[in-house]
Every structure is written in C-alpha cells, then in structure tokens.
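Peer 1: I have a structure here, written as structure tokens, and I will follow up with some questions on it.
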Amino acid sequence: SVLQQVDSLFWKKQSDFGTSGSSLPRTPHLPWQIGQNVQGEGIYFGVLDLHKNYGSPDEKAYYLFAAPVDLAGPDGRALSLTFEQAADEVSKLSNFFGHDGAFYDDDRALFADLKADRYGGGWVIPPLPFLNGAGAERGFQGDNLFNHRSVGAFDGTYTAKQEDGRMFYWSSSLWPHSSFFVANVDFASGDCDYFSRNRAALSVRVCRLVPVL
C-alpha cells in the first residue's frame with residue numbers, strides 16, 4: 001500500500017530538522033528535504049497521513065507544500081487580513097507560484113474533500129495541525145510549518161511581526177464551541193489562540209497538498 005511504502009522509507013527525528021524536544025514524533029524523509037523549494041509545487045514541509053491522523057478508511061497520504069511568502073499586496077508587503085478576507089483572497093489567487101487558490105470556509109470542508117478525492121490541488125489556508133501540529137483528530141501532526149519555520153527555504157520568510165514581537169497566522173480550524181472564532185498560531189512562540197473571524201487581522205501563509213501516488 002501507499003502508506004506501507006511511506007513507512008518503509010528512512011525516518012529522521014524532528015530534532016534533525018531544527019526542532020527541539022526528544023519526545024516529538026518522527027518525520028518521514030521522503031522525496032525532498034524538509035524546507036526544499038520544489039519548482040512548481042512550493043516549499044516542502046512533510047506528509048499528511050489521512051488514515052493515521054484523521055481516521056480516513058482509505059490509506060491516503062499527501063505531500064505538504066507551502067508558499068515561499070505570505071499573502072501580500074501589490075507593493076509586496078505582507079497583508080493583515082480578517083479570516084473572511086483571507087478566505088476570499090485565497091480563492092482569487094491565480095497562478096500563484098504555479099497554482100490557483102481554492103475556497104474553503106473552514107478546514108472541515110477541506111478534509112471532507114480530501115477524504116472524497118474532490119480536492120483539486122489549490123492553495124488553501126492551512127488547518128491548525130499544519131501550522132503547529134495541534135488539533136489532529138488522532139495524535140500530533142509532526143510535519144507542520146511552525147516546527148520547520150527555520151529550515152531551508154523557510155528560514156527568514158516569516159517577518160510580519162506585531163508591535164509586541166508576536167507573529168500571528170490564520171489557520172482554517174474553528175473553535176470547537178463557536179464557528180465565529182478561528183484558530184491562529186503565534187510563530188514567535190508556537191502558541192495557539194482563537195480570534196474573531198471578521199475582526200482580527202492576521203497574516204496568512206497558504207499551503208497545498210499533493211497525493212502520494
């Protein structure tokens with residue numbers, strides 16, 4: 001199976017990729033190096049295992065890629081957007097580093113499309129597990145943007161700091177108790193919080209998924 005092929009590949013610890021903590025899960029070292037900017041795809045940051053982490057009945061796995069830069073305006077400066085503005089901006093992306101954007105109001109719709117093979121490979125606002133590893137239905141998503149933020153081509157690309165030094169990025173994951181609040185991650189610390197979807201203005205680093213064939 002696909003996942004048996006994935007499991008049989010060489011594994012490296014998270015600490016080998018610049019993260020700390022010996023208790024962190026291991027990350028598969030697959031076709032590309034973590035942090036490698038792959039032409040036509042994005043910066044590679046690992047693998048999503050839908051069967052293991054999200055209970056998909058099928059053994060589905062996806063390579064994870066992120067854009068090399070935050071969403072920015074015509075002047076090249078990183079945008080600060082409400083979540084609703086961010087979802088709209090992502091949906092309008094055209095040939096952004098080789099791919100269009102996709103509209104998802106939250107990560108539930110994305111995971112439904114992944115499990116049903118409806119996802120078309122477009123840029124999306126990353127679910128919380130892709131940002132800092134938390135929030136997977138089962139266990140911890142070891143391959144995430146915060147863990148790999150200083151690795152390879154990611155190094156030095158997260159620069160949108162608040163006055164107090166924090167660096168907030170939207171996820172597409174909702175607060176379990178209200179869809180009015182959406183999870184975000186401070187890339188200065190890795191901490192997660194939930195802000196109003198149409199009031200707080202934060203940065204966005206889009207990602208996309210490619211099936212492991």
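Peer 1: Which of the residues spanning the range 141-200 are in contact with a Gly (Cβ under 9 Å, 6 or more places away or on another chain) and of a type in the set (Asp, Glu)? So that I can check it myself, show each step before the final result.
Peer 2: The first filter runs over the range 141-200 and keeps only residues in contact with a Gly (Cβ under 9 Å, 6 or more places away or on another chain), leaving 141-144, 146-155, 171, 173, 183, 188, 190, 192.
If the condition is that a residue be in contact with a Gly (Cβ under 9 Å, 6 or more places away or on another chain) and of a type in the set (Asp, Glu), then 143, 155 are the ones that fit.
Peer 1: If you don't mind, another one. So which residues in the range 113-133 are out of contact with any Ser or Thr (no Cβ under 9 Å at 6 or more places or on another chain) and surrounded by fewer than 18 Cβ atoms within 10 Å (Cβ to Cβ), if there are any at all?
Peer 2: 113, 116, 117, 118, 120, 121
Peer 1: If residue 152 passes every condition in (1) within 15 Å of the chain's Cα centre (by Cα); (2) open to solvent by 20 Å² or more (accessible area, probe 1.4 Å) but one, which one does it miss?
Peer 2: (1)
Peer 1: Next question. Taking only the range 99-127 into account, find how many residues are farther than 13 Å from residue 211 by Cβ, charged (D, E, K, R) and assigned to a loop (DSSP other than H, G, I, E, B).
Peer 2: Adding up the residues that qualify gives 3.
Peer 1: Restricting to the range 75-98, name every residue that is assigned to a loop (DSSP other than H, G, I, E, B), surrounded by fewer than 16 Cβ atoms within 10 Å (Cβ to Cβ) and modelled with pLDDT of 95 or more.
Peer 2: 92, 94, 95, 98
Peer 1: If you go through the range 201-213 one residue at a time, how many are assigned to a loop (DSSP other than H, G, I, E, B) and closer than 20 Å to residue 48 by Cβ?
Peer 2: Result for the range 201-213: 5.
Peer 1: Test of understanding: among 166, 199, which residue is open to solvent by 20 Å² or more (accessible area, probe 1.4 Å) and more than 19 Å from residue 89 (Cα to Cα)?
Peer 2: It is 166.
Peer 1: Can you report the number of residues in the range 32-47 which are modelled with pLDDT under 95 and either at positive phi or polar (S, T, N, Q) (or both)?
Peer 2: 4
Peer 1: Quick one: count up the residues across the range 174-194 that are buried (at least 18 other Cβ atoms within 10 Å of the Cβ) and within 16 Å of the chain's Cα centre (by Cα).
Peer 2: 8
Peer 1: Under 7 Å by Cβ, and 6 or more places apart or on different chains, what pairs join a residue from the range 66-85 that is under 17 Å from residue 172 (Cα atoms) with one that is charged (D, E, K, R) and open to solvent by less than 50 Å² (accessible area, probe 1.4 Å)?
Peer 2: 66/205; 67/205; 70/205; 82/197; 83/197; 84/197
The values are calculated or read from the model by the stated rules, or taken from the named source; none is laboratory data. Quantities reported herein were computed from a predicted structural model and do not represent experimental measurements. For neighbour counting, all protein chains shown are included, and Cβ atoms are generated from backbone atoms with ideal geometry for every residue, glycine included. All accessible areas refer to the heavy atoms of the entire protein, side chains included, with ligands and DNA or RNA removed. Shrake-Rupley method; radii C 1.70, N 1.55, O 1.52, S 1.80 Å.
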